[in-house]
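What follows is a set of notes on a single structure, which appears directly below.
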Amino acid sequence: MGQKTTELEEQVRELKDKAVAELSDTATEEEVQQVKARYLGRKGSIVALFSQLGSFSSEDKPAAGKLINEAKQAVQTEVERQLERLAQEKKAADRLDVTLPGRRRRLGHKHPLSRVMDDAVAIFRRMGFITADGPDLETEYHNFDALNTPPDHPSRDLEDTFYLPDGRLLRTQTSPVQIRVMENQPPPVRTICPGRCFRRDTPDMTHSMNFHQIEGLYVDRHVTLSELKGTLSRFARELLGPEVNVRFRPHYFPFTEPSIEYDFSCIMCEGKGCSVCKYSGWLEISGAGMVDPAVFEAVGYDPEEWTGYAFGMGVERIAMMRYAINDIRLFYDNNVRFLEQF
């Protein structure tokens, strides 16, 4: 290759690189065509190089012609690529109508269980209760022993409680929080304990292995059962409406004496009887009663000086009443169509 061919090669490379750089900066089809005309048009810079071939020897002329043709082809390929890019961008832009109103971002909201729990806690706070919390993993002492639960009580069985290898367990109720509060606070005590609990229940329409409870505790001098009944009645009517009635029935719990169970009148049928309340007109909520003296002794309270009441209720059961839901499993299926209703 002669000196003249080398000089042509440098000139061709410079023009080709310049043309490619200009094409990459184009934003419209018109700009691409303008660049193409400057380099590949009849009087374009690269095409003009063919006029120099007459000054080359017969041996160098083929190589020189090949250099110019390759540069011309490279620039033409880049022109086509840029035109395709602009066409795709235009096609995408045509699909977007900027005059349309914007799409609103969907915002989340509270789960129905969280809403019921928050509303219930707010009602009790207005009555002077202070919220307390405790661990989901509990000791057997706080979950059973301190609550006066005998060693042979069925709730301690492996069939009912989730035990861990280290001896701890998943709490079966939120009552252990009451024990922890009394261990760390002298009376008087007025506390509400919302939280998650776990039991070895077979899931069905009314049972779940994971559920939520709200438990309350009031300890002071001369606390009476009538105060407990008044508190629960006021809570029911504030949460579910003034037409709701409350019924109290004698019962037994290891940690209260005397013990009661309480029912709310069925809001589905207004107490007339339906399939939800099993045609009784009442829906069982949970248990309550006066704190057993043995529980006070376990936490260091003098049962001769202090009295108190405790109560508990299932959040899912109240939510089912409030929203007319007949299957507890709906709360945990994460079905968006179900949750959107709330």
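Readers should treat all values here as calculations from the given coordinates under stated rules, not as data from a laboratory. Predicted, not measured: the structure shown is a model, and the values here were computed from it. Cβ coordinates were reconstructed from backbone atoms using ideal geometry, including for glycine residues, and neighbour counts include every protein chain displayed.
Given the -39500 (n - 2.57) contribution per DSSP H run of 4+ residues, what per-residue ellipticity at 222 nm results for the chain, rounded to the nearest 500 deg cm²/dmol?
-12500 deg cm²/dmol
What is the Cα convex hull volume of the stretch 3-95 when expressed per residue in Å³?
70
Let me know the number of lysine pairs in the chain closer than 16 Å at the Cα, not counting same-chain pairs under 8 apart.
10
Please identify the cysteines of the chain that lack any partner cysteine with a Cβ under 4.7 Å from their own Cβ.
Cysteines of the chain left without a disulfide-compatible partner: 193, 197.
At residue 159 and residue 337, where each label point lies 7 Å from the Cα along Cα→Cβ, what is the point-to-point distance in nanometres?
3.8
Computed over the Cα atoms of the stretch 131-220, what is the ratio Rg over Rh, Rh following Kirkwood?
0.98
Positive end of the charge dipole of the chain (Lys, Arg +1 and Asp, Glu -1 on Cβ, about the Cα centre): tell me which of 123, 46, 174 has its Cα farthest that way.
Final value for the positive-end residue is 46.
Over all directions, what mean area does the Cα convex hull of the stretch 263-313 project, stated in square nanometres?
Mean projected area for the stretch 263-313: 4.5 nm², to one decimal.
According to the Kirkwood expression over distinct Cα-Cα pairs, how big is the hydrodynamic radius of the stretch 114-339, in Å?
Over the stretch 114-339, the inverse of the mean reciprocal pair distance is 18.2 Å.
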